[in-house]
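Enquirer: Pasting a structure below so you can have a look.
The values are calculated or read from the model by the stated rules, or taken from the named source; none is laboratory data. Quick caveat: nothing in here was measured; it's all calculated off a predicted structure. Glycine also receives a Cβ, built like all others from the backbone with ideal geometry; neighbour counts cover every protein chain displayed. These area figures cover heavy atoms from the full protein model, side chains too; ligands, DNA and RNA do not enter into them. Shrake-Rupley method; radii C 1.70, N 1.55, O 1.52, S 1.80 Å.
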Amino acid sequence: MGKYFAPPGAVAEISARRRQKLARNPGLGKAYLEARRAALRQMDALVEKAMQTLRAKKCEVHLAAGAAEARELILNLVDAPMVVKSRSLALEEIGVVPALRAKGVEVVETALGDFVLQLAGVLPAWHLSEKEILNVLKSGLGVTGDLRRALGGVREHLRRYLAGAAYGLTGANAVVAENGSLVIMEDEGNARAVSNLPHTHIAVVGIEKIVPDQESAMTVCRAAAVYGTGQDLGNYLSIITGPSSTGDIQGKQVFGMHGPRRVIVILLDNGRRRCLESGFEELLYCNNCGACLEVCPVFPARGPAYGHHYPGGRGAVFAAFTGGIAAAREAGLDLCQSCGKCREACPAGINTPELIKRLSRK
Amino acid sequence: MTYSQRLKQKISEGLEDKVSAFVRQMVTRVQGPVIREMIRKFDRDELRSVKEYAIGHLAELVDRSVARLQDNGFIVFRARTAGEAVDYILKLVQGGVVVKSKSNAVKEIGLVDALVAAGATVVETDLGDRICQMGNIPASHPIGPALHVPVQKVAELFAAETGQPVPPVPEEIVKVARETLRQRFFEAGVGISGANAICADTGSVVVMENEGNIRCVTNLPPVHIIVAGIEKIVPTLEDGIKVARAAGLYGMGLDFATYVSVISGPSRTHTVEGRVVYGLQGPGEVHIVLLEEGRWEAVKEGFAESLYCINCGSCLGRCPVYGELGERYGHKYFGGIGVIHAAFGSGLDKALEAGLPLCLGCRKCVAACPVRIDTPGMIQRLREQAVAEKGLGRGRKMLLGQLLNNGSAIQRIAPVAGGLVCDRDGRGGWYPRYALFGLEKGRRLPELSKKSFLSDAPRRSGKGERKVAYFAGCLNNLIFPRVAGATLRVLRNSGVEVIVPPGQKCCGYPSLANGDRDGAVRNAIANLRAFGDAGVEAVVTDCATCYSGLTGYPELLAGDSRWVDSAREFAGKVKELAQYLVETGFQPAAGETQRKVTYHQPCHLAAHGLSHGRDLLQSVPGLQFAPSQLEDNCCGFGGTFNLDFYQLSKTIGAHKIQPIHGSGAAVVVTSCPGCMVQLMDLLGSGGQPQVMHISELLAGGGGQHG
Ligand code: SF4
Ligand code: SF4
């Protein structure tokens, strides 16, 4: 069931929208690349700074060297039978979902697509047709009617989990070093709920996502939206700077007013520094927009077999830094046809075939 | 009741409401220094240019953002008036629970009452607002509306709401509030919010907060309605972030508010078929009501600057009038900027009732504003309109036109008339025996001098390379010739030749402050004539208010081609006494060394960034300088403000007394005869500490130019 990637119709739709947005904002790719480069050039300093400002904003901050460390942190934190989560590649990268489930914790996906897949028990797949979605919802939740009504049913169903969860797990599109902010972009509003309703919000973010200031974060988000879904901006951008608080009773600051009283940020290295140090900085320019996947001749056929956590050729290269060259081969390093189409599609012009070649030579 | 009676009533209510005034002032005392520290690096010019551009291109930006917002799936309604906005929303909301977050625009259109009348249950979700709503308690502060409510009372309110005992502990109350409001969020059919900014390029709405209630209001109910004035539109997403940053900094003293949310349409997802479907975890329907009400009129009548306001509330924290009266100063929007808003939203009479006559012109709000909005300047122009419509009033005309400008008349009448109705305290003070001529009983008036300064001032005195002209001003002329004399002595003794041009008049500031522009122009021209060919390097004044008045001539005469050039040249030469002395390298020789001295900084110098008086004092050899807290707080004098609103004036000034006594000083020195009048009244006949003009202190000790 399902397709690894959207059928040509949807792709055409997205690229038409993208062309229109880029015509209005032709410098976006370049601005994005510059913002990323500037940030990576001072990565160590930014990590330092972000840890300091996040803490100043009363977030609990951890710097995890590897996936296992990050995973353990979360496993030790979560002392509830159920957690809610929104889509995040960093969460997939550390494998926290299977680990939580193994511990007996129910993990509830809140993005529609992920939720439906979870309901159908097919993992991992990428995109279901509307009809397939309706079928799953009918058999899984017993909701009937058209998509709109069915979505109402999903909303109600997930609300119960969102209202009851003590922990919410998310990734982030950026961390802003100057203010200690997390920036999360999405379309559905589920990430807002996950990061606002439970009393503890846990965010896992790769250290390459740290940018110096809000302006750079906006550039990152604009690029992710235009190249990812062909929108000017994702529907919801949440800039979160510390836990929820109020000072309305006699001026005393109390945490956990309407949002979480604890915000835990796990900054994830997991091979990123190594990547930078061994001359593969380019790999970290990736914004996970997926524009490259649309044009890759290999990806639609192979799907999750091409890449590792991060889909496609770029994911295969990154696997080398988290699991060594064998892992990269396992992730399909040799499948690349060197057509270079991904490079043209990428806002940062990441030259994946070249990276693959260099890696293979190593 | 006339507007002025209603205003008087609001003032007396405000003056009685001491608890909420205390809270406002306490918040300013605690938060003020934090904010001042944080905003150091903020680029006000950048934000101002964003707003200048946005309001300068408003029509175009409105069209562009409407198109983008619609592209994004917002349902946009352009409301010409508040009534239209309310009607539109009433069609959307048929009863049920409505959750709302803090919004000035929602307040402006009176939406809550209309919704309640239509049968809806409207629930405030900001904790402070909710407390006020539950207890039906008026707000005391724009950001912390319930700060004046004791924790015991808050606990009782929530206990009544839940039917369970609630301990009077903030942490426990917050838990209960979170739970009860959560239920409301889930059951609500509609969420209503305002917007901090609307970004035209991405078609997005920016909202900011610390509690997370706005995130709930805008995410949990199936329908979200945003109400925002068109002045909230800025060109880009980045500009919207700038606005949010400024509002966090200036309004809350945070480098970034806890939650800044950028919303670009209804909750949605894209299916593989390329379709967009709406209403996942967020609302499937988002309306945005763009409110025009009064905004175009403001632009048309030359008050576009009032639309630069981002509603951060920073000005309120510094405004002495707001500090006492709170929300009674303003109408829907508060403080001086709120008065201006009232003029265009509800007309001049409403503005008068909202407090148009109350602004002291202290310019504290301008200094505090992230956009540097010239609120007192706009208020002054509105007063001109009011005078044009309603006239100046006979008494005021006489005071400004005759008495201040014609010393001899007042001098002839005053000693006789004054003696009949006043007691003297033998220290140059008069106490009215009856409440006469608007002068209240119990106040201390300075005795008018028997002879005005100008009637026998030396036309030319002193010798030296430097040559200046002296501008005396009304108060020195009529009440403190001794100050004027001391100023001449200081200048002469330090080797400066001083001329006192005859024919000089009142600087015109009092006329302008009363909305009598013509009178101010007449005085300005008379003074330009008097000082025209003096051939001096500087025009020195020892009155802070006159400094403001005189340096304002180029603007005052901007439209008069015959005078504008000389006004510019003249204004370029105007120096405040201490400024002149410091800039010419004056070294005070010796001065008061026996008694401790403190300083009061006049608003009219602070507004121009002049602090030479204090510097000069500290350079007097052997002088024991005792700084007092709130040194640059307004004394509350405000010229005719003090005659019109004596109790308010005195209440504002009273805050200075404690710190002045606290400094342990025996002498309080200032650089403005207006402030002297007020301080002498406030400190009373005890004469402790003694009030002195800086020139009096310096004249005692002499000094030299280096
Ligand atoms: S000038 Fe002073 S009194 Fe007038 S509005 Fe501004 S702060 Fe208030
Ligand atoms: S006028 Fe007042 S509320 Fe408006 S932006 Fe300036 S300081 Fe803020």
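Enquirer: How high is the relative contact order of chain B, in percent, counting Cα pairs under 8 Å that sit 6 or more residues apart?
Expert: Reported relative contact order: 11 percent.
Enquirer: Same structure, new question: Quick one: which residues, 5 or more positions from residue B:229 or on another chain, have an amide H under 5 Å from its amide H? H modelled 1.01 Å from N in the peptide plane, none for Pro or chain starts.
Expert: Result for residue B:229 returns B:291.
Enquirer: To the nearest whole number, what is the average tally of beta carbon atoms from other chains within 10 Å of the beta carbons of peptide B:201-211?
Expert: Mean number of neighbouring Cβ atoms from other chains: 5.
Enquirer: Also, I was wondering about something else. Within the protein assembly as shown, what percent of beta bridges assigned by DSSP are antiparallel, to the nearest 5?
Expert: Among the beta bridges of the protein assembly as shown, antiparallel pairing accounts for roughly 35 percent.
Enquirer: Given a cut-off of under 8 Å on Cα pairs at least six residues apart, what relative contact order in percent is computed for the stretch A:22-270?
Expert: Here the relative contact order equals 27 percent.
Enquirer: Here is a further query. With contacts defined as alpha carbon pairs under 8 Å and 6 or more residues apart, what's the relative contact order of the stretch A:317-362 in percent?
Expert: The normalised contact order for the stretch A:317-362 reaches 31 percent.
Enquirer: If you take each beta carbon of peptide A:255-268 and count the beta carbons of other chains within 10 angstrom, what is the mean?
Expert: 4
Enquirer: Less than 18 Å apart at the alpha-carbon level, and either on another chain or at least 8 residues along: which aspartates and glutamates does that give for residue A:49?
Expert: Partners within reach: A:60, A:178, A:208, A:213, A:215, A:269, B:255.
Enquirer: Still on this structure, please answer the following. With label points built 7 Å along Cα→Cβ from the Cα atoms of residue A:146 and residue A:327, find their separation and express it in nm.
Expert: Computed distance between label sites residue A:146 and residue A:327 equals 4.7 nm.
Enquirer: Show which aspartates and glutamates lie in cross-link reach of residue B:650 when reach means a straight Cα distance below 13 angstrom and same-chain residues fewer than eight apart are skipped.
Expert: B:324, B:440, B:681
Enquirer: Multiply the residue separation of residue B:161 and residue B:562 by 0.36 nm, subtract the distance between their alpha-carbon atoms, and state the gained length in nm to one decimal.
Expert: 137.3 nm
Enquirer: Next question, about the same structure. Nearest 100 Å² is fine: what is the total accessible surface buried where chains A and B meet, probe 1.4 Å?
Expert: Roughly 5900 Å² of accessible surface disappears when A and B pair.
Enquirer: Okay, moving on. Given the rule -39500 (n - 2.57) for each run of at least 4 DSSP H residues, summed and divided by the residues of chain B, what is its mean residue ellipticity at 222 nm, to the nearest 500 deg cm²/dmol?
Expert: The per-residue figure over chain B is -14000 deg cm²/dmol.
Enquirer: If you count, for every residue in B:181-187, the Cβ atoms of partner chains within 10 Å of its Cβ, what is the mean?
Expert: Going residue by residue through B:181-187 and averaging, the value is 2.
Enquirer: Excluding ligands and nucleic acids, what accessible area in Å² is computed for residue B:175 using a 1.4 Å probe, to the nearest 10?
Expert: Ignoring ligands and nucleic acids, residue B:175 comes out at about 120 Å².
Enquirer: Just to be sure I understand: of the beta bridges DSSP finds with both ends in the stretch B:41-291, what percent are antiparallel, rounded to 5?
Expert: 30
Enquirer: Stokes-Einstein D for the stretch B:60-192 at 20 °C, 1.002 mPa s, Kirkwood Rh over Cα pairs, in µm²/s?
Expert: 129
Enquirer: Now for a different question. With charges set only on the Cβ (+1 for Lys and Arg, -1 for Asp and Glu), what does the dipole of the protein assembly as shown come to about its Cα centre, in debye to the nearest 20?
Expert: Rounded to the nearest 20 debye, it is 1320 debye.
Enquirer: Where does the charge balance sit around residue A:287 when Lys and Arg score +1, Asp and Glu -1, over other residues with C-beta under 12 Å from its C-beta?
Expert: +3
Enquirer: Hey, another quick one. Along the Cα→Cβ direction, 7 angstrom out, place labels at residue B:116 and residue B:493. What is the inter-label distance in nm?
Expert: Computed distance between label sites residue B:116 and residue B:493 equals 6.7 nm.
Enquirer: Something else: Accessible area per residue, 1.4 Å probe, Å², for chain B: what's the number?
Expert: Here the per-residue accessible area is 37 Å².
Enquirer: Okay, next question. If each of residue A:12 and residue B:187 carries a label point 7 Å out from its Cα toward its Cβ, how far apart are those two points in nm?
Expert: Once both label points are built, they end up 5.1 nm from each other.
Enquirer: Just the number, please: Stokes-Einstein D of the protein assembly as shown in µm²/s, Kirkwood Rh from C-alpha pairs, 20 °C, 1.002 mPa s.
Expert: 67
Enquirer: At a Förster distance of 25 Å, what's the computed FRET efficiency of residue B:619 paired with residue B:537, Cβ-Cβ distance as r, to 0.05?
Expert: With a Förster radius of 25 Å, E is 0.65.
Enquirer: Local charge sum around residue A:76 (other residues, Cβ-Cβ under 13 Å, Lys/Arg +1, Asp/Glu -1)?
Expert: Here the count lands on -2.
Enquirer: Something else now. Where in chain B are the helices, taken as whole DSSP H runs, whose Cα atoms extend 27 angstrom or more along the long axis and whose Kyte-Doolittle mean reaches at least -1.0?
Expert: B:18-38
Enquirer: Just to compare against my own numbers: the Cα pair-distance distribution for chain A, 20 Å bins, whole % per bin, please.
Expert: Result returned by the calculation: 29, 61, 10, 0.
Enquirer: If you don't mind, there's one more thing I want to ask. Under 19 Å between alpha carbons, and skipping anything fewer than 8 positions from residue A:131 in its own chain: which lysines qualify?
Expert: Within the straight-line cut-off, residue A:131 pairs with A:3.
Enquirer: Given a cut-off of 27 Å, name the pairs among B:18/B:232; B:51/B:397; A:21/A:58; B:8/B:51; B:8/B:332; A:209/B:242 whose C-alpha atoms lie farther apart than that in the structure shown.
Expert: Those over the limit are B:18/B:232; B:51/B:397; A:21/A:58; B:8/B:51.
Enquirer: Heavy atoms only, 1.4 Å probe, whole protein assembly: order A:170, A:322 by accessible area, highest first.
Expert: Output order, biggest surface exposure first: A:322, A:170.
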